[in-house]
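Before any comments, here is the structure.
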Amino acid sequence: MSTAYWCAGMFASGSTWAFNVMRGIAACLHPDRPVKGRFVNVLADLDRLDDPAVVHVVKSHDLAPDVAAQLSRHATRIVVTIRDPRDSVTSLMLYQRYPFDRALTTIAKSGNFVAGLASDPRALLLRYEAGFIDDAATLDRIAAWFGGTLPAAERDRLFAQHRRTAIE
């Protein structure tokens with residue numbers, strides 16, 4: 001059976017951070033298999049998702065129903081990131097230079113999409129306003145959600161590697 005971890009996030013909700021730490025956590029928890037990370041947007045992006053020799057970590061924002069259904073069939077666990085839509089719209093306008101109407105439409109679509117996943121029993125919900133990207137314990141929560149435990153040194157290494165200061 002394949003292992004597929006799905007990061008589904010609203011735009012501007014910390015989903016890229018979550019996706020990147022999920023890949024690192026998967027590598028620590030499954031040292032015997034390669035980890036393949038990818039962004040999913042269309043059905044073709046799901047190619048070989050059933051390969052049990054690989055641990056799959058996929059990211060999406062909002063998907064067409066057929067793509068979402070196919071990905072859901074493969075997802076072992078889901079991490080959902082959310083943020084106050086007003087802040088998300090502002091973030092897209094400031095940092096991605098989206099015009100207001102496009103930012104609003106983008107956040108509405110991705111927010112509605114992830115809202116549909118939030119109650120899935122495989123889903124761990126991370127709220128941006130709770131500061132999950134600034135809390136090393138988030139990595140422990142994700143690892144536990146995946147059914148494992150990170151050694152403290154690995155958690156600290158991954159957390160430091162994905163801090164804003166390290167990335168910038």
Area projected by the alpha carbon convex hull of the chain, averaged over all directions, nm²: 9.6
Sulfur and carbon atoms: percent of accessible area, the chain [1.4 Å]: 54
Inter-probe distance in nm under a simple model that places probes 7 Å from Cα toward Cβ, at A108 and T76: 3.8
For the chain, size of Cβ-based charge dipole, Lys and Arg +1, Asp and Glu -1, in debye: 120
Options V55, V67, V42, ranked by Cα towards positive dipole end of the range 38-80, top entry (Cβ charges): V55
FRET efficiency, R97 to A166 (Cβ-Cβ, R0 22 Å, nearest 0.05): 0.35
Computed Kirkwood radius, in angstrom, where 1/r is averaged over Cα pairs of the range 1-54: 12.1
Kirkwood-based shape ratio for the range 78-118, expressed as Rg/Rh from alpha carbons: 1.00
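The values are calculated or read from the model by the stated rules, or taken from the named source; none is laboratory data. Computed from a predicted structure; not experimentally measured. Counting neighbours? That spans all protein chains shown, and the Cβs are built from the backbone with ideal geometry, glycine included. Just so you know, the surface numbers come from the protein's heavy atoms only, side chains and all, with ligands and any DNA or RNA stripped out. Shrake-Rupley method; radii C 1.70, N 1.55, O 1.52, S 1.80 Å.
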